[in-house]
Structures are given as structure tokens and as C-alpha cells.
Amino acid sequence: MVAASILGAVPALAHTTGNAFVLLLPTGYYLAGGTLAVAFSVVVAFFLPARIWTSLLRQRVDLGAVPEPPRVLLGSVASLLLLGLIAAGFLGNPDPPANPLPIVFWSLFWVGFPFVQAVCGDVWSYLNPFQAPYQLLRRLTGGRTFAYPPWLGHWPAVLAFIAFAWFELVDLAPDDPDRLASAVLAYWGVTLLGMLLFGGETWLARAEAFTLFFRLMAALAIFRREVGGDGRPRLVLGWPGTRLLDQPPLGFDGICFVLLTLATVSFDGLSKTFWWLALGGINPLEFPGRSAVMELNSLGLAGTWLALLAAYLLACGWNRALAGRLALSIIPIALAYHFAHYLTVMMVDLQYAARVASDPFGLGWNLFGSASLYVTTSFLTTYSSVVMIWNAQAGAIVIGHVIAIVLAQVMHAEQFVGNRLAHLPLAALMVLYTLFGLWLMATPVAG
């Protein structure tokens, strides 16, 4: 039956290379089966006592003591690597697939690194490229800082993520090496300025978009570091999302940020569908380029975010306390959509990354013997590999929603005792969003 549903692979512009593919899932059984699976998990989560879920989620396995990574050294190396990538963006090959900056930023950093966080924990705290130059500049400037205004909250991070999302999804050439290098350098400078004014950890925790996003992803990690009874760090294996149970409720700014991360990847998929392009009167088979949809996509990105925010708040009954607590349960869904949407992009762009690593400045080098690597998409042309990819994408969406539903049930039971029905509208919204996500994966997209 799956074989009869194969629709073929449709070319689509990736964020960096323009040579990846977006696969189409079979519409019938995947949509129905995935949605029903999530709906069934709502029933199970509701009728199984929350204390059982809590006991299960709190289980963990101690894997032993681990050494503390050299934070200063790793941060310094990351800073030097970032400067090298910026230099490559300005001075290297102007062709995006042959320049390391677009490959590293879009494919390894934005697409791939959230999964590292979601498996291994907060690796970003060791590879953060802002800390080392901040420490150096603080010594030079005397280290005086100002109090961070409480009213600012996470709004600088929200604005920064909106700007990033617009640059990724709407800007005419986000993968142009020179253009991207200018954007990265400007953001690096603004971040260092904020850290110098308000303190490094304060700015990173409150106002820096990627640190905030990566820390949320790290809260899903199955591997994490905990301090043992002897005061030494230990590696622990646990269920995904357990750390979200210990997070304090989010304010309205935090709610906006979490839903913005989900809206961004959702609109990325929506903006390429035939349905969306038809709204702008564009023939998807003769797509004229980004310049023709800049206004449409700008409105669509903002509209998707605001519509999702309104739907979420409505599902929470406009209860600020409930919305702030349950917003954390959205994070597994955001990661699931990230995985499903970018899986095939990553499979292609990793090959470009291996090739460009041997010749980062386009000078004819072959440092690792991979400069002449032939980038292939042959894994998208065989039945077995295509079925595996489709199942992984659909499975990620379903599993992400199931984890979110279980977390929402436990979070609600721990903080709002007595009204077990209050979170069911949110569960219903998650079921509908599952259907929406699977439809996005199945519907035709413009090439």
C-alpha cells in the first residue's frame, strides 16, 4: 500500500545549497494513522494517573562520573572558528555550496546543532563563541555593568529571533556568503555589546536568541550532567523532556518565544506549498523567485506566529498561569518539526560540508582529501531509503506530539490540582497540529 502511495521526490531550494529535496509523504494512511496515534495518547495520558507518568519520567540511570570539559579553551576555539568563517564569507568562494559559512551556519549550526543539544545536553554552553571575546573585552573596559531592566524580559531574544526568521525565510539571498557574513558579524557585535552593558550571563540567559533556544532544546536531552553526592559531575541517562518539568513557568515573553520557534519552521514548510503560493496568485510550477513573495511571506510569517499564539492562549482559556506552565510542553513539538522539515536538507548538505572543509577559501586546497567529493542524492531514488526517510519524518512529528501531551499532563497535574480537564483543549490543539504537520509533509511544494 505504501508503494502505491509513492509520489516521487520534488526538488526544492534548501537554505544553503539549493540542491536538497523535500520528500512527499503518502497522504492517506500517514495523516489518519499519525493523527489517531496522537489522539489515542491523549486518552491514555488522561486516564492514567499523573503520578505514574511522573514516576516514570523521573527514572534515570547514572552512567558514572565525567570530567569537566575545558570551557575556556572550547569557547576560545569556537570564537576563532567563527571569525574564520566570517572571513571566508567575505573572502572565499561566492558560490554558497562552495563556501563554508553558509554550510556551517545554515546546515550544521541552525539545522543540526539543536539535535546535539536535544541528545547530549547543553553543549552550547561550552561552544558559545561570545564568552571568550566578552571576557577579554571586560578586562579591557573594567568590567562595569548596568542592571538589566526587568521590563525587557526575553523581548530582545524574541525580536532577534523574528529578525533571524525573516532573514532565513524572506530575505532575497540569506545564503549569499558576503551577505550572511555581514549579518553574522553584526549580530556578534550586538551580542557582545549587550553582554558588556548588562553582564555576560544575564544577557545570554535573557536576551540572546540562540542561547535561549538551545537551552530549551537541551532541556529535552536524554543525556545530561548532574552533580552527584560527592560534588563531582556525573553523566545521567533519562527520559526526554524531564528537565522541562523543573523549569519555572514562562512569562508572556517566554510564551511568545517558544511559539515563535514552532511557527518559524511551520511557516517554512507552508510557504513552499502550492496552496500558499496560490494565495499570492503565483504559479508554483513557474516559481519566479523570492522577490515575488517577499511581502506575502513577511505577512505569512507574522500571521502564522500570531495565529498560533492566539490558538494556544485560547486553548489555555486565556489563563496566564496555565499558559506559562504548559508552554514548555510545546518544545518537543518544535524539535520534532525541526527534524522532519530539515532531515533531507541535512542529508545533502553534510556532503557539501565535507567537501568545503578541504578547501574553505576556494584556493584549490584539499586538506582532508574530500575537495572533489561528489554530492549525491541517490538515497532519494531507492524505494527502501525513501520509505525509511518518510517514516522517520512522520514518526518524529507523532512522537514529538505524544511527548508533549505526556509532559502537559504531568505539568498540569503538578501545578493545577483539582481540574483535570483544563489542559484538554491544548491536547486537542496538539492533535489538530499533528494533522497540520503531516499535511505539510505530504502536500506538493514548489521547486
- Can you name the residue in segment 66-98 that is under 20 Å from G121 (Cα atoms) and open to solvent by less than 30 Å² (accessible area, probe 1.4 Å) and is also nearest to the chain's Cα centre (by Cα) among such residues? A78
- Go through the residues of segment 250-260 one by one and say whether even a single one is within 19 Å of the chain's Cα centre (by Cα), within 24 Å of A221 (Cα to Cα) and open to solvent by 10 Å² or more (accessible area, probe 1.4 Å). yes
- Task: Pairs only if they're at least six apart or on different chains, beta carbon under 6 angstrom, first in segment 173-198 and under 23 Å from S107 (Cα atoms), second in a loop (DSSP other than H, G, I, E, B) and open to solvent by less than 40 Å² (accessible area, probe 1.4 Å); list them, first residue then second.
- Result: D175/T16; P177/N99; R179/A173; T191/F130; T191/E208
- Message: Out of A396, A371, A354, I need the residue that is modelled with pLDDT of 80 or more, open to solvent by 10 Å² or more (accessible area, probe 1.4 Å), over 17 Å from the mean Cα position of the chain (by Cα) and of a type in the set (G, A, S). Which one?
- Response: A354
- Message: Only one of L137, L63 is open to solvent by 80 Å² or more (accessible area, probe 1.4 Å), out of contact with any Asp or Glu (no Cβ under 6 Å at 6 or more places or on another chain), among the aliphatic types (A, V, I, L, M) and over 16 Å from F361 (Cα atoms). Can you tell me which?
- Response: L63
- Task: Could you please find all residues in segment 229-238 being within 20 Å of F115 (Cβ to Cβ) and crowded, with 16+ Cβ neighbours inside 10 Å?
- Result: L235, V236, G238
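Matching residues to (1) β-branched (V, I, T); (2) within 30 Å of L220 (Cα to Cα); (3) out of contact with any helix residue (DSSP H, G or I) (no Cβ under 7 Å at 6 or more places or on another chain); (4) part of a loop (DSSP other than H, G, I, E, B):
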site	(1), (2), (3), (4)
G303	no, yes, yes, no
A321	no, yes, yes, no
L326	no, yes, no, no
Y342	no, yes, no, no
Q351	no, yes, yes, no
P360	no, no, no, yes
L363	no, no, yes, yes
L373	no, no, no, yes
- Could you tell me whether R243 is at pLDDT below 90, open to solvent by 50 Å² or more (accessible area, probe 1.4 Å) and among the charged types (D, E, K, R)? yes
- Task: Go through segment 140-173 and give me each residue that's over 21 Å from F267 (Cβ atoms) and buried (at least 20 other Cβ atoms within 10 Å of the Cβ).
- Result: P156
- Item | Filtered residues of segment 99-123 (kept if open to solvent by less than 20 Å² (accessible area, probe 1.4 Å) and over 19 Å from M347 (Cα atoms)) | G121
- Assess whether E226 counts as being in a strand (DSSP E or B) and either surrounded by fewer than 16 Cβ atoms within 10 Å (Cβ to Cβ) or touching a residue at least 60 places away in the same chain (Cβ under 8 Å) (or both). yes
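The values are calculated or read from the model by the stated rules, or taken from the named source; none is laboratory data. Predicted model, so just to flag it, every value in this text is computed and none were measured. Reconstructed Cβ throughout: ideal geometry from the backbone, glycine too, with neighbour counts over all protein chains shown. Just so you know, the surface numbers come from the protein's heavy atoms only, side chains and all, with ligands and any DNA or RNA stripped out. Shrake-Rupley method; radii C 1.70, N 1.55, O 1.52, S 1.80 Å.
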